[in-house]
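Trainee: My questions will all concern the structure given below.
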Amino acid sequence: MRFAPLLAAALLALVSPAEAGPAEVGVQVEKPAGDGVHFSQGSGVYLGEGLVLTAAHVVAVDPGSNRVTVLLDGVRQDATQVFDGRAEGTDLALLSLPAASLSPARRTQPAVAVCAENPEPSRPVQVAALGSVSVAFTIPSPLNSEGPSDTGRWTNILATGYKAGSSGGGVFDPRQGCLWGILAVELSGPAKSSGRFLDLTAFVPASKIAPFLRTYAESHRQAAE
């Protein structure tokens, strides 16, 4: 791909502000299961330079094929899965769209920036998933856990349950427009006042997205040399 060197530089920098909002960069993703009948559905974020970021489990069906379909600008386009973070324990995957399939506006769209820090508790976010944008909030207080988080304190959870097909969608800082996370899994948690369980959604946070993209950019740069 001709734009590979530019892509590597953009992803390694991760500082360019996103001029396109969540509604413009949110996409939908499908992958056939390989049986000619079933397929998985999810969401994703068009990062620029022909790359789409999604959750790895969305494209995990039929591991023998890297063919994926992306709905971008109302058009279904063939994409190729080019990077998978599951070997490193990160539920992220990168898809590549052919340069020839991109509109002039998409070819020149600045790279979406990843936020420098993860969101704090009770922060409003914009979520681009399933072809629309909604407003949600991170949970009011971190959860102490020994689970797969960076610090043992989970702040990468939304106080909203996003259903099937939302996985891979983008979580954005509404003020700076940068990417805070990628939707990963629906959860449930107790409500303190009523004892009922609330729908929640965990997302892969910016602190994991940034190194994932840097690893891809560096490996892509080395392959191009």
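Trainee: Taking amide hydrogens as modeled 1.01 Å from N in the peptide plane, which residues meet the under 5 Å criterion relative to residue 167, leaving out close sequence neighbours?
Mentor: 43
Trainee: Residues with amide H under 5 Å of residue 40's amide H, sequence separation 5 or more or different chain, H placed in the peptide plane at 1.01 Å from N; which?
Mentor: Close amide H contacts, sequence-distant or interchain: 31, 33.
Trainee: Amide H of residue 123: which non-local residues (sequence gap of 5 or more, or other chain) have their own amide H closer than 5 Å, using H built in the peptide plane?
Mentor: 138
Trainee: Ranked by accessible surface with a 1.4 Å probe, highest first, in what order do 83, 212 come?
Mentor: Values: 83 45, 212 15 Å².
Most to least solvent-accessible, the answer reads 83, 212.
Trainee: Using the Kirkwood radius over Cα pairs, work out the Stokes-Einstein diffusion coefficient for segment 85-141 at 37 °C and 0.692 mPa s, in µm²/s as a whole number.
Mentor: Stokes-Einstein gives a translational diffusion coefficient of 220 µm²/s.
Trainee: Could the peptides 61-70, 161-170, 39-48, 96-105 be put in order, highest first, of the mean number of other beta-carbon atoms found within 10 Å of their residues? If you can, show how the numbers build up before the last one.
Mentor: Working: 61-70: 15.5, 161-170: 22.4, 39-48: 23.9, 96-105: 13.7.
Averaged packing, sorted descending, gives the order 39-48, 161-170, 61-70, 96-105.
Trainee: Same structure again: Give me the 1.4 Å probe accessible area per residue for segment 100-140, excluding ligands and nucleic acids, in Å².
Mentor: 51 Å²
Trainee: Still on this model: Classify segment 40-186: rounded, prolate or oblate, from the alpha-carbon gyration tensor (a ≥ b ≥ c, eigenvalue square roots; a/c under 1.5 rounded; otherwise prolate if a/b is larger than b/c)?
Mentor: Here segment 40-186 falls in the prolate category.
The values are calculated or read from the model by the stated rules, or taken from the named source; none is laboratory data. Computed from a predicted model, the values in this text were never measured in an experiment. Here the Cβ is made from the backbone with ideal geometry for all residues, glycine too, and neighbour counts use every protein chain on show. Each accessible area value is taken on the protein alone, full model and side chains, heavy atoms only, with ligands, DNA and RNA left out. Shrake-Rupley method; radii C 1.70, N 1.55, O 1.52, S 1.80 Å.
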